Amino acid sequence: MENEIMKFEEVMEFLSVGKNTLYALLNSGEIQAFRIGKVWKIPKKSVTAYVEGKLAEKD
């Protein structure tokens, strides 16, 4: 599903990062996401774009 929304914990596990690192990525806008109340909504395509961007930096 293209518009799949990932949970905060799923993104932490997917990227193998801690909560502080993920909060920093979200708050800086490196991973585009939004909040509804206190809950982060993180589109899977935003996480994929972040990873692809990091891989492109290596080249």
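None of the figures in this text is laboratory data; all of them are computed from the coordinates on show. Predicted model, so just to flag it, every value in this text is computed and none were measured. Note that we place each Cβ from the backbone using ideal geometry, even for glycine, and neighbour counts take in every protein chain shown.
Computed quantities for the displayed model
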{"read-out": "Count of Lys pairs (Cα-Cα under 21 Å; at least 8 positions apart or interchain) in the chain", "value": "13"}
{"read-out": "Convex hull per residue volume in Å³, alpha carbons only, for the chain", "value": "84 Å³"}
{"read-out": "Assigned charges on the beta-carbon of Lys, Arg, Asp, Glu; the chain dipole about Cα centre (debye)", "value": "300 debye"}
